[in-house]
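The values are calculated or read from the model by the stated rules, or taken from the named source; none is laboratory data. Just so you know, these numbers come straight off a predicted model, no measurement behind them. Cβ placement follows ideal geometry from the backbone for every residue including glycine, while neighbour counts extend to all protein chains displayed. Protein only, heavy atoms only, side chains kept; ligands, DNA and RNA dropped before computing areas. Shrake-Rupley method; radii C 1.70, N 1.55, O 1.52, S 1.80 Å.
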Amino acid sequence: MWGGRFAEGPHAIMEAINASIGFDRRLARQDVEGSRAHAAMLAAQGIITDTDAEAIREGLLTVLSEIDAGTFAFSAALEDIHMNVENRLRELIGPAAGRLHTARSRNDQVATDFRLWTREQCDAALDSIRRLQGALLAQAEAGADWVMPGFTHLQTAQPVTWGHHMLAYVEMLGRDASRFADARARMNESPLGAAALAGTSFPIDRDATAAALGFDRPCANSLDAVSDRDFALDFLGAASICAMHLSRLAEELVIWSSAQFRFVAMSDSFSTGSSIMPQKKNPDAAELIRAKIGRIFGAQSALLMVMKGLPLAYSKDMQEDKEQVFDAADTLMLALAAMTGMVADMNANRDAMRAAAGAGFSTATDLADWLVREAGLPFREAHHVTGSLVARAESKGCDLPDLTLEEMQAAHPLITGGVRDVLGVDNSVASRTSYGGTAPDNVRVQIARWKEYLA
């Protein structure tokens, strides 16, 4: 493609390091889509003839059908998806193919292709997130009033409901969805027509190509249009935070499915066994999600390293922008699908969660609140009194409700038999009626809100 300037062809090693067709072939559909929009605009502006534009349109459709059918012959000697498509187009329609590249560069071409592809990944992520939220909502609805221990520092803190815990992840994923939506809106500007870096002297219509490709508007600065990869970093940023949320849930599933917890039973479909220990049922899907997330974090760091020292406009370094984004998107979609399957199939063990909810002095805060509310103690004093009762129960090897009234009154004389009403886990969760609290009625309201939103 640049034979007029060079007397010799590239060294084999140069050809190997320079070629990107091994991975950017994934942009074939976007490349054809962008080229069709460009050719139609060139014809509408009188820059190429309608006859050439029609030949280009039909030829590009043939190229795409060959790629979809797996019969397209990709060539590393042609470097990238753009030149592979253009070369095949020339074989199909002859010299008219050479007019397609009028008023554009591979710089704005690849920026457009990559934006189109990344925009689609935002849409795919949004769809996958909604499916996972639906699976979590089904779990929350089934166990809106099932009591389980809430933890801080992985130590028993206060009783919560299973529905409340499931909804916490629905909220996290809701923020993830908003980040992908924001990223999509920000990236929805068309680089096409920026050419190499300075625009073009041809009377092109960038608004027409932007509209044809579903962009809101053309990029306003040609230098920025070809050198920007913020859209890919935006996607990776949203993907990284979403992946982190998936990893946290995966970790909880690993813990909850252990024999020591038994809070959930994972389905056979998302578990594996052991080659030597017949009793084992391992939550490998959750563990693999937990591990694969690192690839998404790594992709974000890698692209930041590529971009951090580049002057405007385009540098060949930017060829390294795609592989990690492709891998991150694949990993995220797989992780979301696997998590959706696990959540939909898992069975929560209501009895095991309830038994654990009352252990570890989980209603100690309820006792302290009762002392403030009923006995009029300052909270700090109530905290101290409750702590002394916890220590007493611990020394006896029992829980707070097992202490006698006399033992409680020895810690503070204003304690009455009415304190028994707050020491049960059901009363504890039912009392947490503040907005966002774990009370079952609150949980049901939030479930209804999310179901309406997702519908």
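For region 211-235, filtering for residues that are more than 20 Å from Glu320 (Cβ to Cβ), charged (D, E, K, R) and in a helix (DSSP H, G or I) leaves 0. Output the residue which, of all residues in region 25-62 that are within 22 Å of Pro218 (Cα to Cα) and β-branched (Val, Ile, Thr), is most open to solvent (accessible area, probe 1.4 Å). Among those residues, the one meeting the criterion is Ile47.
Filter region 63-75 for residues that are in a helix (DSSP H, G or I) and open to solvent by 50 Å² or more (accessible area, probe 1.4 Å); which is farthest from Arg206 (Cα to Cα)? Steps first, please.
Within region 63-75, the first condition is being in a helix (DSSP H, G or I), and the residues that meet it are 63-69.
Filter again for open to solvent by 50 Å² or more (accessible area, probe 1.4 Å), leaving 65, 68-69.
Working: Ser65: 27, Asp68: 29, Ala69: 32 Å.
Looking at residues that are in a helix (DSSP H, G or I) and open to solvent by 50 Å² or more (accessible area, probe 1.4 Å), I get Ala69.
Going by what's in this entry, would Gly174 be described as over 16 Å from Ala125 (Cα atoms) and part of a helix (DSSP H, G or I)? Taking the combined requirement at face value, the residue does not satisfy it.
Residue check: is Ala455 among the aliphatic types (A, V, I, L, M) and surrounded by 12 or more Cβ atoms within 10 Å (Cβ to Cβ)? Spelling it out, it is not the case that Ala455 is among the aliphatic types (A, V, I, L, M) and surrounded by 12 or more Cβ atoms within 10 Å (Cβ to Cβ).
So which of Arg131, Arg115, Arg119 is open to solvent by 60 Å² or more (accessible area, probe 1.4 Å), among the basic types (Lys, Arg) and in a helix (DSSP H, G or I)? I'd like the intermediate steps shown before the answer.
Details: Arg115 fails: open to solvent by 60 Å² or more (accessible area, probe 1.4 Å); Arg119 fails: open to solvent by 60 Å² or more (accessible area, probe 1.4 Å).
From the options Arg131, Arg115, Arg119, the qualifying one is Arg131.
Please pick out the residue among Asp366, Asp330, Asp402, Asp351 that is within 30 Å of Cys242 (Cα to Cα) and either among the acidic types (Asp, Glu) or more than 34 Å from the chain's Cα centre (by Cα) (or both).
Values: Asp366 fails: within 30 Å of Cys242 (Cα to Cα); Asp402 fails: within 30 Å of Cys242 (Cα to Cα); Asp351 fails: within 30 Å of Cys242 (Cα to Cα).
So the residue among Asp366, Asp330, Asp402, Asp351 that is within 30 Å of Cys242 (Cα to Cα) and either among the acidic types (Asp, Glu) or more than 34 Å from the chain's Cα centre (by Cα) (or both) is Asp330.
Across region 196-250, the number of residues qualifying as open to solvent by 10 Å² or more (accessible area, probe 1.4 Å) and β-branched (Val, Ile, Thr) comes to 3. Close Cβ contacts (under 8 Å, 6 or more residues apart or on different chains) running from residues in region 101-119 that are of a type in the set (Asp, Glu) to residues that are in a loop (DSSP other than H, G, I, E, B) comprise Asp108/Pro191; Asp108/Leu192; Asp108/Gly193; Asp108/Ala194; Asp108/Ala195; Asp108/Ala196.
This table checks each residue for (1) modelled with pLDDT under 95; (2) part of a helix (DSSP H, G or I); (3) buried (at least 19 other Cβ atoms within 10 Å of the Cβ).
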{"site": "Ala291", "(1), (2), (3)": "no, yes, no"}
{"site": "Ile296", "(1), (2), (3)": "no, yes, yes"}
{"site": "Ala299", "(1), (2), (3)": "no, yes, yes"}
{"site": "Leu304", "(1), (2), (3)": "no, yes, no"}
{"site": "Tyr314", "(1), (2), (3)": "yes, no, yes"}
{"site": "Asp317", "(1), (2), (3)": "yes, yes, no"}
{"site": "Asp327", "(1), (2), (3)": "no, yes, no"}
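Just one of the listed residues (Val147, Val160) is buried (at least 24 other Cβ atoms within 10 Å of the Cβ) and out of contact with any helix residue (DSSP H, G or I) (no Cβ under 6 Å at 6 or more places or on another chain), namely Val160. Residues considered: Arg449, Arg444, Arg420. Of these, the only one that is over 18 Å from Pro159 (Cα atoms) and surrounded by fewer than 17 Cβ atoms within 10 Å (Cβ to Cβ) is Arg449. Condition check for Ala265 on (1) open to solvent by 30 Å² or more (accessible area, probe 1.4 Å); (2) of a type in the set (Gly, Ala, Ser); (3) free of Cβ contacts under 8 Å to residues at least 60 places away in the same chain: one failure, at (3).
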